[in-house]
Amino acid sequence: MAETIVAWPTLIGVERLALPSAMNANLRTAALEVEQRARPPGDHRHFSNTVDNHTDIFPERFRGDLDTLWGQVAQAAQLYLQHAFRLPVSYPLSWSLCILVARPGDRLPAHSHPQRDLFAAYYPHIDPPADDPTGMHGGELRFIDNRGWGRKWVNRNPSLFDSAYLSLRPEPGMLVIAPGYALHETNPFSGPGLRVTYGFFMNVLMTKEYAA
Ligand SMILES: [Fe+2]
């Protein structure tokens with residue numbers, strides 16, 4: 001059950017998943033292995049607006065952890081769809097996975113995922129900001145108003161700071177769900193250490209075949 005669905009004009013679901021810590025640790029290890037397989041060593045660029053699909057290169061020995069995570073994400077997504085979009089029945093969801101490992105200074109510029117109905121970000125691991133007692137370690141996930149006037153505003157202003165209508169500071173165990181059209185960005189992550197994000201990109205298979 002989503003704890004909160006907030007933020008006009010786009011409804012965003014925020015939930016905390018209670019995965020065992022050993023499972024989150026496995027997801028962290030798997031993410032680092034995926035990163036090694038997906039990119040040459042030393043290449044830590046995460047600036048693509050496309051969605052890499054890491055499902056096929058996910059390490060087989062952690063597949064059970066991924067399946068468990070996806071089960072919880074799918075359940076949360078169904079509840080989100082019922083609450084935010086009033087879908088009367090649960091339709092099957094197709095999904096792909098994109099894993100991001102953020103290091104200090106990494107950010108994602110504003111983008112959306114218009115080919116997807118929904119996306120979800122889950123954070124199995126974020127190194128605690130040991131040198132920053134305030135916890136202001138950056139890396140906020142910021143949602144930006146992408147209605148017509150908003151986009152004009154965004155184009156004229158490279159700094160989108162004032163246009164975000166929701167800014168979430170990721171915490172370990174947090175799951176955020178949003179429509180694919182929602183414009184969002186990630187502030188630079190100041191660490192120290194790593195932040196691991198599992199991005200799930202979903203389409204609702206709302207076909208006649210599945211209509212109840
Ligand atoms: Fe994104």
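The values are calculated or read from the model by the stated rules, or taken from the named source; none is laboratory data. Treat the numbers as computed from the prediction; the structure is a model and nothing was measured. Quick reminder, even Gly has a Cβ in these numbers, built from the backbone with ideal geometry, and neighbours come from all protein chains shown.
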Problem - Yes/no for residue 197 being within 13 Å of the ligand (Cβ to nearest atom) and either under 22 Å from residue 84 (Cβ atoms) or at pLDDT below 90 (or both) - result: yes
Exercise for the section: Return the total of residues in the stretch 91-115 being of a type outside the set (A, V, I, L, M, F, W, C), under 13 Å from the mean Cα position of the chain (by Cα) and within 11 Å of the ligand (Cβ to nearest atom). Expected result: 3
